[in-house]
Each structure stands twice: as C-alpha cells, then as structure tokens.
Amino acid sequence: MTAGWIFASLVVPWAAGAGLVYHASDRYRSWLLTAGAGWLAGQMMVSLLLGAALFLTGSSQARYLLVGLAVLGGVLWWRIVVNTLRRREQARRLSDGDGTDKPRSPSLHPACGVLLAVIAASLTLKLGTLMVSHALSPIRSDDAISIWLFKAKVVAGLDTLIVDEADPYYLGGSNPRYPLAVPLMAAWTPLVTGHWDEQQATWPWLGFYVSLILLVAGGLRRWLTPSTGWVVAYIVASLPLMVVHAYRPGYADLPMAALLAATVLYLLTWRTTHLFRHLALAALFAVGAACTKREAPLIVGAAVFVILMASWRNLVALETRLRVALLGLMVVSVILVSAVVNVADVSDSVRSFTYNAEVWSSLGRHLLAWSSFGFLFYGLAVAGLLVLCHPMAVGHRWPALLLLLSLFALDACAFLFTPQARFALNDQTPSRLFLQSIPAVILALAIPFGAMLENGSHPPRR
Amino acid sequence: MSSEQTTPEAAGAEVSPRGAQRGAILLISVAAALGGCALLLVPLLGSSEPWQWRLDNRAALVDATVNADLLSIDEAGIRLTQKGSRHLSLITPPLELPSGAGRILTIEASLPDVTATSTRRAQVKLLWQTEDVPEFKFESAIVELSAEPRSIEFSLPRPAPEIHRIGVQFPSLSGPVLIRSIGLPALSAGSRFGLALRELVGREPIGNHGINFLTGPLILGHGLNYYLVSSVAACLGVYLSAMLLRRRRIRVGVMAGVVLSAWLVADAQFTWSMLRQSSDEAATFGGRGAAERVAIAYGEQLTWAAEQLKASSSEGQTFAVVSDDPFGPAHRLAYLLAPQRIRMDAYADAAFIVVIHGRSAVYDEVDRRFRVGADDWIGADVVSLFSPDVYLLRRRAP
C-alpha cells in the first residue's frame, strides 16, 4: 500500500505539471522538455498547495491535494490525448490527399553515434549509482539534517506548520529565515504515506537531477540538433558537484539550479516565439526558483532582468494589453516571493560592504583548480569569447553573455564584498553558490555556441 | 529530428582563415602546443632532494604532536592506538623542508594486529599547514592496509618549502597502527609517471564536506584540471598548427571533439570514484534496517543517546547536548528526535542533558549535580551511562 502511495505522490504531480507545460507550449513540442519542465512545475504545485493548505487549514490535507492534482492532471491529459488524436487524424487526411511522404531524419555521423552511446552509458551508470545510494545511504550532510530535511521532518511529523514565533518549531524549526518551498517538496511524500521516511523525502532530488537533464536536452531542440542538445545536457549532468547534490540529497541548490534553468529556457523561448504563455511559464519557474533559498530572489531577479534588458525589442513589440499583463505578472511574482522568502539575511550582508581581497584565491581554487565543475570555467571563458566574436554565433548571443557575466559577477561579489567572505575562506559555499547558476548559464550559452558549431545552418523555429 | 536539422558533422562546419589572421592563429597554435606539452612534462621531469622523518626513537618525537596512545617506538616504527574519541593522528614538528624537495610524500604504515594474509580498507588523511595555526588542511585517500608496511603516497598540495607541518590521520581506525616513516623521496621520471597513473584512478571519498566542493585527484602536486587543460591546449595547438601549415581547412568538429574527450576523461575519473564509493556504501548499508543504517552512519554513541532519550522522556520534552563539538552531535540528535523531542541550546533549562565528550562538563556523583566550566551547579541524576565521557542526565527541578 505504501509503495502505491509513494508512486502516486511522485507521478501525479509530475503528470499534472507536464500537462500544464504541454498546454502552454506552442506547436513545437518536445516530450523531453514536457517531462523535464513538467516535474519542476509539479513540484512547484506541490509546494504551493501544501503551503496554502498548512496555512489555511492548519494541516496538510495531503491525500485530498493528491486527489485534486490527479483530477487536474487527468483533465489536462484527457485534452492532450483528444487533441493529439484529432491532429493525427487531420494529418492522415492531408497526407492521404497530397501523397507526400514524411520527411526523413538525416543519418547520424558514426562518430556522433559513438559519442551519444558513451554519453548514454555514462548517464545510465550515474543514475543507477544514484538509485542505489538513494535506497541505502542515510543522510549525513550538515545543512540537510540541520535545516532542509529537519524542517521537512517537523512538518511531516506534526502535519502542521507552527506559526507561533515562540515555538521552537516555528515555521518547521531550525532557522526560520530559510524558505519552506524545498522542505515542503521533501515533506510531500511522507505526508501522503503518513509517516516520515528519509528515502521518501529525498525522491525529489533524484527527480530534479533527471528533470534538469531532460529540460536541457529537450529545451535546446528548438535551436540545436538533438545530438548537440544531449551533449549539453550531459555536460550539465556530469558536473561532479551536480552529481554529488543528487548523490547526497537534502540541500536546496540543485532544485534552485533546475528551476533557474527552466526560467532562463522559457525566457529565451519567449524571445524566439513572442508568445506570452512562454513568458507566463518563465514567471512561474522564476517564482519557484526565487522561493528556494534566501539568496535566490537576488540571483533569479538578476537573471530575469538581464534577459529582459537584452530583449527590449520583444518588449517594445508587445501589445498594450500584454504589457499590462506582464506588469501584473511581475507584481504578483514579487508579492508572492516577498511573502515566502525572508531576505533579511541577504540585506544585512549587502549592507555590510567590505572588500575581502583574500577571497580571490579561494574563488580561483573552487572554480579553476578543484574538480567540482571539471574544467568548465576554462571552457566557459573560451566559449564566451567565441560567442562574442564569431559571426556564426547567432541566436540569443547578448542574453547569454549578459547572463554569464552578471550571474558569475553576482556570485563572486557575494564573497568579495560581504561578510559571506568567511564562507569562501572556509570553503563552505563558493562552489555551491556557483552551482545554482551554472545550468542556466550553460543552457543560454549553448544556443549561440551550438549555432556556431553547427555553422548557423538552422534558423530558429517560431 | 526534423528535416531542417542536421548533425554538426553533417553540416561540416569548417574554417579557413587567410593572410594575417592565419599567421596570428598559427603563432598562437604553436605556442599552445609547446606550452601545453611543457606543462605536461614539468611534473615528470627534474631531480629532487630526498627528506625523511624516521620514527625509530623517542628523540624523533620532540615537538611532534601525537594524538593517540603511544604503545611503543623502536626500529620497526611507532605503534599507536586511538585515545578517547579523537581520531588517531601523528603530526611532525615544525619543518624546514629543503627547497629542492619533491612533492610526492610517502607514509610507511601497517596494521600489526591484522593477520598476515588479510588487509583492511581504511581512510587516511594527509594533514598539512603552511603556517603555525591550530587548523590543518587535508587530502584524503582510501587505502588497503595490512600487517606488512606499505607505502601510502600523497601529492603535496604546496611546494615543500612552503609547508610548516604535515601529519597523518587514520579517522576510520582505532589502532594499533604502526607508522615507520614519513618522507619526500627522490623519484625517477618513470616512478613519477606510475604514481601519476595511480593517483589518477585514486578515489576521493565523498564525505559530508563533499556537498560543498570536490578537489579531485591531486596528481604529482597538481589538480586534474591542470593536466586536462594542458592536454587540450597541446592537442588543439598541434591540430591547428598542422592544418594551417598544410593549408587544410580547420574542422570545428575535431576541436570540439578534443575538448569533449578531455571532459569524458574527467567524467570517467569522477564516475569511477563515485561508483567505488557507492559500492562500499552498498556493502556497508545493504541488507540492514533503517535503524541499523542510521546507527552505522551516525555512530553508536549518538544512536545510543537517541534511543535513551526516546525511552526516558515523553513527547514534547526538551533536551540539550553538551559536547566539545558544538555542531555535529547536537544537530544530529535534534534531527533524529524531531519533532517528538525538542532540542534546546541552554542545558540549564532542558529536561534532559546529553553529554558527549564535553571536556568542560563536570558531573559530581556525590552531590548529584552538573555544570559546564564555571557555570552554576544544577541538580541532575544520571539516567544512563554509555561510557565515562558519554552519558544522559535528567535535570531535577530546582
């Protein structure tokens, strides 16, 4: 019975989220993207609904929420199936009429085939290892047990959210300034099954890791060939620190990284399609990403700001009613994030402005010498320069470059100019802070860089 | 894949620079090829001056730090066993290593009590510091130890003259451990190459701090990125130079392939390391119940404390943890017992007090009272005792 509840608690939100993402997509649809972004949307729905139920009713009502999500998912997927069958029927009639054959995919170069096979083997091996570790190893990492999973355990154990500031379990206990979005995702399955279990609570991390791979591989297909998309997804998935965050689940950096990547992907998609629903999806994921950590609103805000700044032509081209809708979307997003995230710690850090020169060596160690990100930062520097200079690096060149510079500069400044320097000097957080932004930056840079590699032979799809 | 898409190879992305541009690229390529090759060869070449700390008499221990019980010291080496809860470690006196000393450090160690044919897998840490401060940095390795002395090799993260003190720690062993010597031998180029290969496939344990960063293998004193970036630079330099000199078109796909190959090497190294760690964890935790797994992961003292608190207290009661480590035991117990029991910081206000190796904690058995350091005494009764350093108290109402 418990296995059934676990299965339902994971699949139902995923299906509902995927249905939502699928309905918001344009005629160009990728099942990989639907699955990847669908998991993220599903987890956001879980967090939002659980939070609302806990605040409004005093208890989680987890199984009622599960039924509600199942109904929503069922309706969305019913519509998808009906529409798909209708489209296929229309397509069959049309092809019967004009007698044309479906276009054939070009054959894969043997070297490319070997590369994809190696990538598939590597990803399979990693996922297998992660599954074994997830099934057997208890959680030990410091912040996981003292903050994120601690809050989840308290919420799941009490089936309520204490809002009395004097109570030691106020907002899940531990440090009440840490946002609740990720602990609620972790508490979801234990709340559905009715008892706390670490393995149940940490399923979302495996889901975030897989969804990030699918999001990148599927999302890039709009601009690049599938093989290039998989290579980029592999680079993201094989970042050692990214794998460790799935291997030792419980920190909020991986969920934030995945949601920020989804935000950037849909903003870039909107730049290509000019469809407002893509902007709405980007806003949804941006709110989700911003609610994961204390510093997240600043990082997500910077990412959204630079992409919108580089998209001023799209903004100018918006109809007035859509401009008003966009403004409304932004206001609602800001209100939601302000209600969920306590940014007092970040504000305090920013106010205590001091230059810490000794941080440079720590940053150099984390980004260039050590293996947390392989030799990614050397590659990003070269890729950034090539994208800047090469005429074939078309498609989202400026958003990619601005994102690269702004997010990494923001991360570096957090240590160089604030008291967070102490966490750089004791090596606790620099790599993790950069990890949050890296998938989004890789994804954005992959579009012009991939176009350059592919010789700019493919016009962007609309 | 749609009809308008194609693979990079099929697209045949090629570049054919001309004139001054060609000359500039050729110059950079030759520099990259030569520079990359030189960087790859530097760690393998050159002679070094040997240095050794031979542990064969008590005079060798002057100004050294021995965090262990000393069982004996003679020609065979120093025999140590764990003292209290501290990890067994041995640290050199302040050093002035010769400027020509190499960066390969060897530690000769064995486990005298294991049978002649068996081996035991153990974590070994190389402790090091560059100035006289209380903290040490460390490199970590998993090695097989046996009754016969074996040489454990580490690359020094800094050039030898910068090192102030070095040490060796055996976190997973209680002893006895026999350490014969610590030294920086002069190695031939062949030995260095062999060592580099062993270090490449060595394993970096993914410990609790692994969530923050991974150092990767340290190979002959340099990180893996050093070798990968040098190799990529050398390969790209050679390829570009060859293509430009032969007036052939440069294929972007080949260049991307070189970079991707290096990435695959790095990924294979990490995946192999993680696979071995996962295999060890499967052997440790597999086939055990959740409670048993937690007991192994958190240690028997914490598991004992959690069980005792559960048995002795009722839901909603408070406890405090007194320990030399202000973070680990307190937060782990708080997590294990939440939300049924509540951890407090102030031990004087808590219903129960768990003492786990608190050096300043004092329990007066005669007057049944407890205090930490110079605090006021509070009345408390012993509920349960794990060891003289680990016990559970119930606070009496004042």
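Defining a contact as two alpha carbons under 8 Å apart and six or more residues distant in sequence, what relative contact order in percent does the range B:44-100 show? This gives 36 percent for the range B:44-100.
Counts of other chain beta carbons within 10 angstrom of each beta carbon in peptide A:310-320 average 0.
In the protein assembly as shown, what percentage of the DSSP-assigned beta bridges are antiparallel, given to the nearest 5?
On the way: 66 of 75 bridges.
Looking only at bridges with both residues in the protein assembly as shown, the antiparallel portion is about 90 percent.
Shown here for the range B:308-347: chymotrypsin sites (Phe, Trp or Tyr not before Pro) in loop regions (DSSP other than H, G, I, E, B) with at most 16 other Cβ atoms within 10 Å, namely B:327.
Modelled spin-label separation between residue A:79 and residue A:361, with each label point placed 7 Å from Cα along the Cα-to-Cβ direction: 6.0 nm.
For the pair the range B:44-117 and the range A:319-385, the centres of their Cα atoms are 46 angstrom apart.
Take peptide B:267-274, look around each residue's Cβ out to 10 angstrom, count Cβ atoms belonging to other protein chains, and average those counts. Working shown, then result.
Details: counts 13, 4, 3, 9, 9, 1, 2, 9.
What the average comes to for B:267-274 is 6.
To make sure I understand, if each residue's beta carbon is the centre and we count other beta carbons within 10 Å, what order do B:73, B:179 fall in, fewest to most?
Going from sparsest to densest Cβ surroundings: B:73, B:179.
In this simple spin-label model, placing a label point 7 Å from the Cα along the Cα-to-Cβ direction at both residue B:45 and residue A:385 gives a separation of 2.6 nm.
When each full DSSP H helix of chain A is screened for a Cα extent of at least 20 Å along its own axis and an average Kyte-Doolittle hydropathy of at least 0.5, the helices passing are A:2-24, A:31-57, A:110-136, A:203-219, A:253-273, A:276-290, A:320-340, A:397-416, A:430-453. Across the range B:200-211, rounded Karplus estimates of 3J(HN,Hα) from the backbone phi angles (6.51 cos²θ - 1.76 cosθ + 1.60, θ = phi - 60°) give 5, 8, x, 10, 8, x, 8, x, 4, 6, x, 5 Hz, Gly and Pro being marked x. Averaging the Cα positions of each part gives two centres, and for the range A:117-170 and the range B:301-335 these lie 20 Å apart. Largest GNM mean-square fluctuation across B:365, B:162, B:281, computed for chain B with C-alpha springs under 10 Å, falls on B:365.
Share of antiparallel DSSP beta bridges in the range B:294-395, in percent to the nearest 5?
Details: 17 of 24 bridges.
DSSP beta bridges in the range B:294-395 are roughly 70 percent antiparallel.
Within chain B, DSSP assigns beta bridges of which about 90% are antiparallel (rounded to the nearest 5).
For the range B:30-46, backbone phi angles converted through the Karplus equation (6.51, -1.76, 1.60; θ = phi - 60°) give residue-by-residue couplings of 4, 4, 5, 5, 5, x, x, 5, 4, 4, 5, 7, 3, x, 8, 9, x Hz, Gly and Pro being listed as x. Here, P(r) means the percent of Cα pairs in each 5 Å bin from 0 to the largest distance; for the range A:203-263 it is 4, 21, 30, 24, 13, 6, 2. Farthest toward the positive end of the dipole of the protein assembly as shown, out of A:215, B:92, A:393, is the Cα of A:393, where the dipole comes from beta carbon charges about the Cα centre.
Using r as the Cβ-Cβ distance of residue A:275 and residue B:325, and R0 as 51 Å, what FRET efficiency do you calculate, to the nearest 0.05?
Details: r = 55 Å, r/R0 = 1.08.
The formula returns an efficiency of 0.40 here.
Sorting B:148, B:199, A:165 by the number of Cβ atoms found within 10 Å of their own Cβ, with the fewest placed first, yields A:165, B:148, B:199.
Apply the a/c threshold of 1.5 to the C-alpha gyration tensor of the range B:90-199 and tell me whether it is rounded, prolate or oblate. Write out the running numbers ahead of the final one.
On the way: a/c = 2.09, a/b = 1.33, b/c = 1.57.
Note, shape of the range B:90-199 comes out oblate.
Among the GluC sites (Glu not before Pro) within the range B:53-133, which fall in a DSSP loop and have no more than 11 other Cβ atoms within 10 Å of their own Cβ?
B:75, B:96, B:131
So, R0 is 51 Å and r is the distance between the beta-carbons of residue B:121 and residue A:318; what FRET efficiency does that work out to, to 0.05?
Working: r = 63 Å, r/R0 = 1.23.
About 0.20, to the nearest 0.05.
Computed from Cα positions, the angle between helix B:328-337 and the longest principal axis of chain B comes to roughly 70 degrees. Working note: Cα gyration tensor of chain A, eigenvalues times five, square-rooted, sorted largest first, giving semi-axes of 33, 29, 22 Å.
What FRET efficiency comes out for the pair residue A:422/residue B:279, r = Cβ-Cβ distance, R0 = 41 Å, nearest 0.05?
Values: r = 37 Å, r/R0 = 0.89.
So the FRET efficiency works out to roughly 0.65.
Considering only A:371, A:157, B:184, and ranking their Cα positions along the charge dipole of the protein assembly as shown that arises from unit charges at the beta-carbon of Lys, Arg, Asp and Glu, the one farthest toward the positive end is A:371. A crude spin-label estimate for the pair residue B:54 and residue B:27, with each label 7 Å from Cα along the Cβ direction, gives 5.7 nm.
Among A:266, A:251, B:298, the order by Cβ neighbours within 10 angstrom, fewest to most, reads B:298, A:251, A:266.
Within 10 Å of each Cβ in peptide B:35-47, how many partner chain Cβ atoms are there on average? Round it to a whole number, please. Kindly include the intermediate steps, with their values, before the conclusion.
Details: counts 0, 0, 0, 0, 0, 0, 0, 0, 0, 0, 0, 0, 0.
Mean shielding count: 0.
The lysines within cross-link reach of residue A:153, meaning a Cα-to-Cα straight distance under 20 Å and a gap of 8 or more places when in the same chain, are A:293, B:310. The Cα center of the range B:128-190 and the Cα center of the range A:235-266 differ in position by 34 Å. Ellipsoid semi-axes for the range B:294-395, based on the Cα gyration tensor and the rule √(5λ), read 20, 14, 13 Å when sorted largest first.
Order A:53-65, A:201-213, B:111-123 from most to least packed using the mean count of other Cβ atoms within 10 Å. Write down the numbers at each step before the final one.
Details: A:53-65: 16.8, A:201-213: 23.7, B:111-123: 13.3.
Descending packing order for the listed peptides: A:201-213, A:53-65, B:111-123.
No lab work stands behind these numbers, since they all come straight from the coordinates. Given the structure is predicted, the values throughout are model-derived calculations rather than measurements. For neighbour counting, all protein chains shown are included, and Cβ atoms are generated from backbone atoms with ideal geometry for every residue, glycine included.
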